Amino acid sequence: MEAKPKSAGEKLTSIDDAAARVTEGDRVAVGGCLFSRTPLALVREILRARRRGLTLVRNLMCTEGELMMAAGAVERVMTAWMSIGLPWGVSKVMRHYVESGAVALEEWSHLALGLRFRAAAMGVPFLPALTMLGSDLVAVGGMKTVADPYSGETLAAVPALFPDVALLHVHRADRFGNSQIDGYPHMDADIARAAATVLVTTEELVTDDETRRHPDRTVIPGFLVDALVHVPFGSFPHECYGLYHADFDHFAEYTASIDARGPEAAVGEYLARYVYGPPTWDDYLELFGGERLARQRAAARELTA
C-alpha cells in the first residue's frame with residue numbers, strides 16, 4: 001500500500017477502460033467469496049478482451065473461475081476450494097482443466113489465503129500461523145516454517161501475496177472511489193491494500209456527502225482505488241447481499257448442462273451466449289429478463305428484512 005500513488009481525484013470510468021488495466025500474465029485477485037459479491041461484470045469484460053496467461057486468486061472460487069479456465073484466460077489458480085456450493089460438489093470444470101494439465105492449481109487453506117493478503121496489506125513478508133501444519137499442503141505448496149523465538153514451537157510462515165490487480169464489487173461508492181460494503185466484507189479490505197491496481201464496480205453511485213455521513217461503512221478508501229465503474233447487478237447471477245439473491249435456478253441449469261455435455265462444450269456454449277454475445281452489460285442482463293431480476297431482488301430483501 002505504501003508504494004501506491006495516493007490519488008484523491010475522481011475514479012469514475014467505463015467498464016472497458018477498467019478491464020484494459022488487466023494485462024497479460026497478471027496475478028488477479030477477486031473479492032467477495034464463492035457466489036457472494038463476485039465482480040462478474042469486470043470478469044466478463046476481461047474475457048471479452050481475450051486476456052491470457054493470468055493467475056487467478058480467490059479464497060473460494062465459483063463460476064468466475066470456471067469461465068476463465070474454459071476461455072483460456074488463466075494458466076494458474078490459487079484457492080482453498082472451487083465450487084458453486086455444497087449441492088454441486090467440487091467443480092467438475094476445475095477438475096477437467098487441472099487434471100488435463102491446462103491449468104495449474106495452487107491450493108492453500110482459507111485462513112492461509114486471508115493471512116497472505118493481510119501480510120501484503122501490512123507490508124510484512126509473512127505472518128506466523130498454525131494453519132496447514134500437519135497437512136500435505138505444506139510440502140506440496142512449498143510453504144516454509146519458522147521457530148517461535150519465545151517457545152521454539154514450529155509455525156507456518158505464511159508468505160505475503162501481492163496481486164497485480166484486484167477486482168472488487170461493492171454496494172455503493174462515490175466518484176472518488178470511497179467504497180462501502182454491506183454485510184460481511186470477506187477479504188476485500190486487505191486485497192485492496194495488497195494489490196498494485198484496484199478496480200471496483202459498484203451497485204450504487206452516491207455523493208461524497210453520503211460517504212462522509214457514514215464513514216464507518218467505507219471499507220475501501222478512495223485513495224486505494226484506481227478505477228471505479230457504476231454497474232447495477234454487477235454480480236448477477238451471483239448475489240449482492242441485501243440487493244439481490246443468487247440465482248440458484250440458473251446455477252442448476254448451468255451445472256446440468258455440464259453434466260450432460262461435458263465442461264468444454266457446455267461452458268464454451270455458455271461463454272458464447274453470456275460473455276461474447278451481448279455487447280454490453282445491459283444486454284447481458286436482458287438475457288435474464290427484468291422479471292427474473294426483480295424476483296431475485298425481492299428474495300434478497302425478504303432475507304434481510
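The values are calculated or read from the model by the stated rules, or taken from the named source; none is laboratory data. As the structure is a prediction and not an experimental result, all values here were calculated from the model. Virtual Cβ from ideal backbone geometry, glycine too; neighbours counted across all protein chains shown.
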Worksheet entry | Residues that are at positive phi and without any contact (Cβ under 8 Å) to a residue 40 or more places away in the chain, drawn from the range 33-56 | 50, 53
Item to complete: Working carefully through the options 101, 141, find the one that is over 16 Å from the mean Cα position of the chain (by Cα), more than 14 Å from residue 193 (Cα to Cα) and modelled with pLDDT of 95 or more.
Response: 101
Worksheet entry | Test for residue 95: is it of a type outside the set (A, V, I, L, M), modelled with pLDDT of 95 or more, in contact with a strand residue (DSSP E or B) (Cβ under 6 Å, 6 or more places away or on another chain) and not in a strand (DSSP E or B) | no
Worksheet, complete the sentence: Subset of the range 270-300, residues out of contact with any strand residue (DSSP E or B) (no Cβ under 9 Å at 6 or more places or on another chain) and in contact (Cβ under 8 Å) with a residue 60 or more places away in the chain, comes to 270, 271, 274, 275, 276, 281, 284
Item to complete: Could you run through the range 255-267 and say how many residues are in contact (Cβ under 8 Å) with a residue 40 or more places away in the chain, of a type outside the set (A, V, I, L, M) and surrounded by 14 or more Cβ atoms within 10 Å (Cβ to Cβ)?
Response: 4
Fill in: In the range 108-125, residue farthest from residue 193 (Cα to Cα) [restricted to those that are out of contact with any Lys or Arg (no Cβ under 8 Å at 6 or more places or on another chain), outside any helix (DSSP H, G or I) and not hydroxyl-bearing (Ser, Thr, Tyr)]
125
Worksheet item: Assuming residue 217 fulfils every condition listed in (1) at pLDDT 95 or above; (2) under 30 Å from residue 190 (Cβ atoms); (3) surrounded by 13 or more Cβ atoms within 10 Å (Cβ to Cβ) apart from one, which condition is it?
Response: (1)
Item to complete: Please enumerate the residues belonging to the range 165-197 that are surrounded by 24 or more Cβ atoms within 10 Å (Cβ to Cβ), assigned to a strand (DSSP E or B) and more than 12 Å from the chain's Cα centre (by Cα).
Response: 173, 179
